[in-house]
Amino acid sequence: MQMTSDNKAIRQNASNDYKTLDDIIAQRNILAQEIENSASKIANHWEQLTKPPATNSKAEKAAAIISNCLTAYDAFMLVRKITKRYAG
């Protein structure tokens, strides 16, 4: 994350008491922008992480479907095992 000189100056004053309402508003705006930038980066990384790989042939599509089915079955069995063990 790159900071401008204004950001750095306000960051240095972050631990200090703010003198005016304008200082507080400026800091709030800077933090809101940083949060928005972070949120877009997180969304981009999450999309890359969860996007299924592209399949080119019917065999790859079938293998992906089977893999997803096995993953769902495995998750179901894990939940069933955990609930049996801790349900009473």
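The values are calculated or read from the model by the stated rules, or taken from the named source; none is laboratory data. Small disclaimer: the values here were computed from a predicted structure and weren't measured. No Cβ is skipped: glycine too gets one built from the backbone with ideal geometry, and neighbour counts run over all protein chains shown. All accessible areas refer to the heavy atoms of the entire protein, side chains included, with ligands and DNA or RNA removed. Shrake-Rupley method; radii C 1.70, N 1.55, O 1.52, S 1.80 Å.
Descriptive notes on the structure:
- Remark: pairs (first residue in the range 62-78, closer than 17 Å to Thr50 by Cα; second residue outside any helix (DSSP H, G or I) and open to solvent by less than 100 Å² (accessible area, probe 1.4 Å); Cβ separation under 6 Å; 6+ apart in sequence or on different chains) = Ala64/Thr55.
- Residues of the range 39-53 classified as in contact (Cβ under 8 Å) with a residue 12 or more places away in the chain and either of a type in the set (Phe, Trp, Tyr) or part of a helix (DSSP H, G or I) (or both), total: 0
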